[in-house]
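What follows is a set of notes on a single structure, which appears directly below.
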Amino acid sequence: MRKRLFEIIEKANEGDKISKVYDSFMILSIIVSIIPLCFSKQNSILYAIDKITAAIFIMDYILRFFTADFTSNKKGFWAFAIYPFKPMAIVDLLSILPSVTNLSHAFKVFRVLRLLKALRVFKFFRYSKNIKIITNVLVKKKDALLTVGMLALSYIFVTALIIFQVEPSTFDNFFQAIYWATVSLTTVGYGDIYPTSAIGQVISMISSFLGIAIVALPSGIIISGYQDEVEQNNELD
């Protein structure tokens, strides 16, 4: 029975209709659970939605804990002991916590717990095949993405250092130069801080052009990896 439960909640194969129904039901529950977060004032209907969806998530968490030994390299007690500390298990627990505690009503500081409900969005990673493909791409391409990330950070630091030396009167501190370099790299350019000298403006133009190239690199890496991952899945199917 536990083996069958595991196959249902973890989507064992594409032909398992019950597993597909379960995944669709959980995705629908996640979407519905987010509805109360869109309203500043809660009424009885929104309150009921929150509690019902929380009960569904609690049941899902219990079922996954009950079958934890099928998803772990550990066996017996250790499989169940390690499960609560897995990333998705933590997301599950944190998305449930604000709905089952009254601390947020007792102290204003605990109202931040309401933000944890937004973590329910991340539960899509468990049920969506396309998101799982993207996750696999990010894992496989992590070295290339980290390299691009380091390149971007280095470029931000060097550009900020240059502009800070060229226009000391425009930037009160180095953090403002970092901020300017970041928004220039992403080609956002809020316009609240900008260079006024000719040299500073030339640096700004160069930064914007290079920023387009650097920002485009991770997009190309992810798209290429996504295409490869889709082709591999099609071959397996």
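Laid out as a table, the results:
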item: From 194, 190, residue being among the hydroxyl-bearing types (Ser, Thr, Tyr), part of a loop (DSSP other than H, G, I, E, B) and under 29 Å from the mean Cα position of the chain (by Cα); result: 190
item: Residue list for region 197-219, filter: more than 14 Å from residue 152 (Cα to Cα) and hydroxyl-bearing (Ser, Thr, Tyr); result: 197, 204
item: Index of the failed condition, residue 144 passing every other in (1) open to solvent by 30 Å² or more (accessible area, probe 1.4 Å); (2) hydrophobic (A, V, I, L, M, F, W, C); (3) more than 30 Å from residue 71 (Cα to Cα); (4) modelled with pLDDT of 80 or more; result: (3)
item: Selection count, region 218-237, where residues are open to solvent by 50 Å² or more (accessible area, probe 1.4 Å) and more than 19 Å from the chain's Cα centre (by Cα); result: 9
item: Residue satisfying all of: in region 150-170; in contact (Cβ under 8 Å) with a residue 24 or more places away in the chain and of a type outside the set (Ser, Thr, Tyr); most open to solvent (accessible area, probe 1.4 Å) among these; result: 157
item: Residue tally, condition in a loop (DSSP other than H, G, I, E, B) and surrounded by fewer than 18 Cβ atoms within 10 Å (Cβ to Cβ), over region 171-182; result: 2
item: Meets criteria (within 21 Å of residue 160 (Cα to Cα), open to solvent by less than 90 Å² (accessible area, probe 1.4 Å) and either outside any helix (DSSP H, G or I) or without any contact (Cβ under 8 Å) to a residue 12 or more places away in the chain (or both)) for residue 215; result: no
item: Qualifying residue in region 181-191 (condition: at pLDDT 85 or above and aromatic (Phe, Trp, Tyr)); result: no
item: Helices (runs of 4 or more DSSP H) contained entirely in region 1-103, each with at least 1 residues that are within 19 Å of residue 132 (Cα to Cα), without any contact (Cβ under 8 Å) to a residue 40 or more places away in the chain and open to solvent by 20 Å² or more (accessible area, probe 1.4 Å); result: 2-9, 17-34, 87-100
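The values are calculated or read from the model by the stated rules, or taken from the named source; none is laboratory data. From a predicted model like this one, the values you see are computed outputs, not experimental measurements. Backbone-built Cβ (ideal geometry, glycine too); neighbour counts: all protein chains shown. Ligands, DNA and RNA are stripped out before the accessible areas are found, and what is left, the full protein with its side chains, is counted by its heavy atoms. Shrake-Rupley method; radii C 1.70, N 1.55, O 1.52, S 1.80 Å.
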